[in-house]
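Scroll down for the structure; my scribbles are underneath it.
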Amino acid sequence: MRTAVVRVGVDPSGELGAEQLRDGVTTLRRLAADAGAEVLTDDLAALPPARREVEVLMLATAAEEVMHMAVVLCAKAFGTEPAPGVVTFISRGTDDDAVGVLAGFGLTGAIERTPGDEGWDVVQVTLAKGDLERVPESRIHTALEASLNCEVRIVTR
């Protein structure tokens, strides 16, 4: 499972005061912890309303699921109608990250990691030939290399 960074605008209308924002963050931290998540945020009151956005770290397989969960938590914590932001993923260079990158393209494949001759891992990803007709190999290769920070070899079956 990968770690998602879920961004949610908690006060899009700018109606919350500094104390309400602080209380909301405190409540959100508690709710998030109960859900196995972590809140990363600075002083929301110091930001303009359009930028009053929290970041919530959550374990995820699908971006839509964690976004929905984060919006629900923010609505409970702040009593507002939160604005969904974007979801990004933290990459630690693991095989789960490779699986997540492939899933982002709607692909599945076999992943095999071996130590390279120069001390760097080599990750071989086996994909179906039909998958490369839908998604260019160069896009998959670039995304995998960026996520894994190692040599990637794509083979087809």
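The values are calculated or read from the model by the stated rules, or taken from the named source; none is laboratory data. Given the structure is predicted, the values throughout are model-derived calculations rather than measurements. Glycine gets a Cβ as well: all are built from the backbone with ideal geometry, and neighbour counts include every protein chain shown.
Looking at region 64-115, which of the residues that are over 12 Å from the mean Cα position of the chain (by Cα) and acidic (Asp, Glu) is modelled with the lowest pLDDT?
Selected residue: 96.
For region 5-35, enumerate the residues that are within 16 Å of residue 67 (Cβ to Cβ) and at pLDDT 90 or above.
Residues satisfying the conditions are 5, 6, 7, 8, 9, 10, 28, 31, 32, 35.
Checking the structure you have, find out if any residue of region 1-12 is more than 30 Å from residue 144 (Cβ to Cβ) and either outside any loop (DSSP other than H, G, I, E, B) or in the same structural domain as residue 106 (by TED's automatic domain parsing) (or both).
Yes, the conditions are met somewhere in region 1-12.
Tell me, please, whether a residue that is buried (at least 18 other Cβ atoms within 10 Å of the Cβ) and closer than 30 Å to residue 53 by Cβ can be found in region 124-142.
No, region 124-142 has no match at all.
Can you name the residue in region 36-60 that is among the aliphatic types (A, V, I, L, M) and surrounded by fewer than 14 Cβ atoms within 10 Å (Cβ to Cβ) and is also modelled with the lowest pLDDT among such residues?
So the residue we want is 50.
From the list 39, 25, pick out the single residue that is of a type in the set (A, V, I, L, M), without any contact (Cβ under 8 Å) to a residue 24 or more places away in the chain and in contact with a helix residue (DSSP H, G or I) (Cβ under 7 Å, 6 or more places away or on another chain).
Answer to the selection: 39.
From 55, 112, which residue is touching a Lys or Arg at 6+ places or on another chain (Cβ under 7 Å) and not hydrophobic (A, V, I, L, M, F, W, C)?
On inspection, the qualifying residue turns out to be 55.
Please go through region 102-121 and pick out each residue that is surrounded by 13 or more Cβ atoms within 10 Å (Cβ to Cβ) and within 12 Å of residue 149 (Cβ to Cβ).
Within region 102-121, 121 is the sole residue that qualifies.
Say we look at region 8-35 and pick out the residues that are of a type in the set (Lys, Arg) and surrounded by fewer than 17 Cβ atoms within 10 Å (Cβ to Cβ); which of these is nearest to residue 97 (Cα to Cα)?
Taking the candidates together, the pick is 30.
So if I check each of 98, 110, 103, 63, which one is closer than 30 Å to residue 129 by Cβ, touching a Ser or Thr at 6+ places or on another chain (Cβ under 6 Å) and small (Gly, Ala, Ser)?
110
Tell me which of these residue 93 doesn't satisfy, since it passes every other one: (1) more than 30 Å from residue 25 (Cβ to Cβ); (2) surrounded by 18 or more Cβ atoms within 10 Å (Cβ to Cβ); (3) in contact with a helix residue (DSSP H, G or I) (Cβ under 6 Å, 6 or more places away or on another chain).
Evaluating residue 93 over (1) more than 30 Å from residue 25 (Cβ to Cβ); (2) surrounded by 18 or more Cβ atoms within 10 Å (Cβ to Cβ); (3) in contact with a helix residue (DSSP H, G or I) (Cβ under 6 Å, 6 or more places away or on another chain) leaves (2) as the failure.
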